[in-house]
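The values are calculated or read from the model by the stated rules, or taken from the named source; none is laboratory data. Please read all numbers here as calculations on a predicted model, not as lab measurements. Ideal geometry is used to build each Cβ from the backbone, glycine not excepted, and the neighbour counts take in all protein chains shown. With ligands, DNA and RNA removed, areas are computed over all heavy atoms of the protein, side chains included. Shrake-Rupley method; radii C 1.70, N 1.55, O 1.52, S 1.80 Å.
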Amino acid sequence: MSTASLIVLMLVAFLAGIDVVLDEWELAQPIVACTMVGMALGDVASGVLLGAQLQLIAIGWMNIGSAIPPDAALASIISAVLVCGPANLSIANGIAIAIPLAIAGQVLNIFVRSIVVIMAHVADGRAADGDIKGVQWIHYFDMFLQGLRIAIPTYIVTIISPKAVQAGLNAIPKVITQGLSIAGGFVVVVGFAMVINMMANNEVWPFFFAGFVLAALTQLNLIAFGILGLVIAFVYIRLSPRFNAQTTVVQNANDHDAASGSAEDDIDKALDDL
Amino acid sequence: MVDNKAQSVQKDKQYKLTHGDMISAFWRSGFLQGSWNYERVQNVGFCFQMIPAIKRLYPSDKEKTAEALKRHLTFMQTTPVMSSLIGGITMAMEEERANGADIDDATIASVKVGTMGPLAGVGDPIFWGTIRPVIASFAASLALSGSGVMGPIIFFVVWNAIRLATRWYLQKIGYDQGTNIVQNLGGGLIQKLTTGASILGMFIMGALVPRWTKINFPLVISKVKVDGKTTTTTLQQIFNQLLPGIIPLLLTFFCIWMLRRKVNAIWLIFILFGVGIFGYWIGLLG
């Protein structure tokens, strides 16, 4: 690996480490992170393919509440280094390695976020002195730690000889690597389950099944699903009695002599409000 | 210049946030989670976002600066994008306070505490449950169908355009409306938004389950010889006749059930890897 490649790689790893915690630019999402590693190491095509497949596994790894998800940054960066770099692993092997890496990254993340508790107390002290710069520097330092959390393990991987990596992988029986690769196709359901658990209640479950049946039996693409979903949500909220209790009462009071027409009037009113 | 004009037009407003402060707060809001910690979560990041306002409103007053910094180092936890709305409201309140309005620490704290939870209820399903999975799976499918680097670029550009625009307008709305917006949010709007976002999110998840789960059962169930032609039926073909995607659906339900029994997601991933290896070994999965 050339020095220039190594410098760019370290920068990518450092930024991914910060951004996976920030969750803003989404540089650490596999589809972006693996592509950037591929660019740094001169094998963009493999980086994109690995990233796209890992992305589907990582689709439900979300920072919600105080739960810390499996770490997309460490998984994407190191597996991409092994696939796009001199070790030249197959994409299937890269995916199999990414999962244990995601868990290692999660543990490191828990560790750093615990250290940051102490830093937050240091910030309290700076704030009490009215020291704006001090508070800012603590924030920068915390992000620096998160960057190192990915950059240091990445550097360690680059100094391991490619032959040792390949020999290690070849020592694993085929039934394991092949089985892991097959499982890589369906571990996405864990992510889906995490997202669903966040949103699900009796009111919204039916819409899950509507989406499921349409996707299983039609060729509609995801943009179409997005539009359909918006339409359904909009119409549901317009018509649900829970959100329109007041208007319904007024409507009924106004045309108590035309009970059958009231449902149509509600829709008319909803359309008028547009 | 802007300061002078503001002062001459409205003498009672001694301190006024500038457009530059708004841009600075907007840029800084993108570092909200940099000091994410187990105790007060996004507290340092939110304070970091408020610093341009604090500098403008309490210049060369160490004591008031210290108080303001401490006010914004309290517990903070919401969907990152939503911190722009809360930040906008809080900046409006701080501005009034600096100009002598009777707004105490408890009022500012209660607005923050009262909005961050409900706004996370809206933001999480929209951003993590819908927008990111939809763009990511669209980009991944582009990349896998051979359009190369276009997939990652589309993901990055579209996601960030939506995120930055949302942050900017939420901050603007929050600052312009101030505490009025808290009353509006109380009037059922937030419930409508949460329900709408969850409907959209659930619908998309329902679509992703059969589309993005790859599982295949090549196990041969029957071999029928008709006129010298052998027709084999695999287990997968039987499942497909039943309903395509039925196994991904059942697997998803299994995971939902396990997660609700407080099983860690990582263990679930390991269990599924075990299933993959065992299934391949006995020839059930391929």
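B:Gln49 versus (1) assigned to a helix (DSSP H, G or I); (2) modelled with pLDDT under 95: which is the lone unmet condition?
(2)
Test B:Ser198 against the criterion of being in contact with a Pro (Cβ under 6 Å, 6 or more places away or on another chain) and among the hydroxyl-bearing types (Ser, Thr, Tyr), and give yes or no.
Details: in contact with a Pro (Cβ under 6 Å, 6 or more places away or on another chain): yes; among the hydroxyl-bearing types (Ser, Thr, Tyr): yes.
In short, yes.
So how many residues does segment B:201-222 have that are at the interface with another protein chain (Cβ under 7 Å from one of its Cβ atoms) and β-branched (Val, Ile, Thr)?
Total meeting the criteria: 4.
So which of B:Ile89, B:Ile131 is open to solvent by 10 Å² or more (accessible area, probe 1.4 Å), of a type outside the set (Gly, Ala, Ser) and under 24 Å from the mean Cα position of the chain (by Cα)?
B:Ile131
I need the full set of residues from segment A:198-216 which are within 18 Å of B:Thr213 (Cα to Cα) and within 7 Å of another protein chain (Cβ to nearest Cβ), in order please.
A:Phe208, A:Phe209, A:Ala210, A:Gly211, A:Phe212, A:Leu214, A:Ala215, A:Ala216
Give me the pairs: first residue in segment B:101-122 and without any contact (Cβ under 8 Å) to a residue 60 or more places away in the chain, second residue of a type in the set (Asp, Glu) and assigned to a helix (DSSP H, G or I), beta-carbon distance under 7 Å, and six or more apart or on different chains, which are they?
B:Ile103/B:Glu96
When segment A:71-94 is examined, which residues are found to be closer than 27 Å to B:Gly201 by Cα and in a helix (DSSP H, G or I)?
Within segment A:71-94, the subset closer than 27 Å to B:Gly201 by Cα is A:71-73, A:75-76.
Of everything in segment A:71-94, those that are closer than 27 Å to B:Gly201 by Cα and in a helix (DSSP H, G or I) turn out to be A:Ala72, A:Ala73, A:Ala75, A:Ser76.
Tell me, which helices (runs of 4 or more DSSP H) wholly within segment A:128-190 include 3 or more residues that are within 14 Å of chain B (Cβ to nearest Cβ)?
It comes to A:132-159, A:174-186.
Could you check segment A:186-208 and list, in sequence order, the residues that are open to solvent by 10 Å² or more (accessible area, probe 1.4 Å) and not hydrophobic (A, V, I, L, M, F, W, C)?
Passing the criteria: A:Asn197, A:Asn201, A:Asn202, A:Glu203, A:Pro206.
Name the residue, out of A:Gly42, A:Gly38, A:Gly51, that is modelled with pLDDT under 95 and among the small types (Gly, Ala, Ser).
Unique residue meeting the criteria: A:Gly42.
Name the single residue that is most open to solvent (accessible area, probe 1.4 Å) among those in segment B:27-80 being among the basic types (Lys, Arg) and within 7 Å of chain A (Cβ to nearest Cβ).
Of everything passing the filter in segment B:27-80, B:Lys62 is most open to solvent (accessible area, probe 1.4 Å).
Check segment A:121-130 and report whether any residue there is touching a residue at least 24 places away in the same chain (Cβ under 8 Å) and of a type in the set (Lys, Arg).
Within segment A:121-130, none of the residues are touching a residue at least 24 places away in the same chain (Cβ under 8 Å) and of a type in the set (Lys, Arg).
Can you give me the ranges of the helices (runs of 4 or more DSSP H) entirely in segment B:226-286 with at least 2 residues that are facing another protein chain (nearest Cβ under 10 Å), within 28 Å of A:Gly211 (Cβ to Cβ) and more than 26 Å from the chain's Cα centre (by Cα)? I'd like the intermediate steps shown before the answer.
On the way: elements: B:235-242, B:246-260, B:265-281.
In segment B:226-286, the matching helices (runs of 4 or more DSSP H) lie at B:246-260, B:265-281.
With the condition kept exactly as written, say whether any residue in segment B:172-184 is at pLDDT 90 or above, away from every other protein chain (no Cβ under 11 Å) and surrounded by 19 or more Cβ atoms within 10 Å (Cβ to Cβ).
yes
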